[in-house]
Amino acid sequence: MKYSRQRELILNEVIDSKGHPTADEVYDDLKKTNPSLSLGTVYRNLTQLGKNGMLKKVNIPGDPVRFEANLTDHNHFICENCKKIIDINKDTVKFSEKLLAGQGFKVKSSHVILTGICKECQK
Ligand SMILES: [Zn+2]
Ligand SMILES: [Zn+2]
């Protein structure tokens, strides 16, 4: 398999997942249809795609690095029950930034992780 073709395959897998898969998850899914693919290749390509700005790296403490195709500036909500990671609007934490500005801090970037129970799990 050609290098560029592999990379496209990996990129599309993350886009199609519409979520935040780890390298292992991407590999597990792709190897079903591409048995020659190795985990190392998936890792390398994901890292490269992250560097190129095609994917975004998601660092969640205590979790392996995840990747996502949503390149907009946003925050995350993690459901304690189903462990789903949900994208939430940046505006939800704008208030904190304003508050900090009032205290003399200049916030340049932020990534807030909120945890709780998602809509589905509350049903
Ligand atoms: Zn849930
Ligand atoms: Zn996200």
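Those strands (runs of 3 or more DSSP E) of region 6-83 in which 3 or more residues are under 30 Å from LYS94 (Cβ atoms) and not charged (D, E, K, R) occupy 75-79.
Might you check whether a residue that is within 20 Å of ARG5 (Cα to Cα), within 15 Å of ligand 2 (Cβ to nearest atom) and either in contact (Cβ under 8 Å) with a residue 40 or more places away in the chain or not hydrophobic (A, V, I, L, M, F, W, C) (or both) occurs anywhere in region 68-87?
The answer is yes; a qualifying residue exists.
Might you let me know whether region 61-80 holds any residue that is surrounded by fewer than 12 Cβ atoms within 10 Å (Cβ to Cβ), within 16 Å of ligand 1 (Cβ to nearest atom), modelled with pLDDT of 95 or more and not hydrophobic (A, V, I, L, M, F, W, C)? The answer is yes; a qualifying residue exists. A Cβ distance below 7 Å, combined with a sequence gap of six or more or placement on separate chains, defines the contacts here; from region 108-123, residues that are of a type in the set (Ser, Thr, Tyr) reach residues that are modelled with pLDDT of 90 or more in the pairs THR115/ILE78; THR115/GLU80.
The values are calculated or read from the model by the stated rules, or taken from the named source; none is laboratory data. Predicted model, so just to flag it, every value in this text is computed and none were measured. Note: ideal-geometry Cβ built from the backbone for every residue, glycine included; neighbour counts use all protein chains shown.
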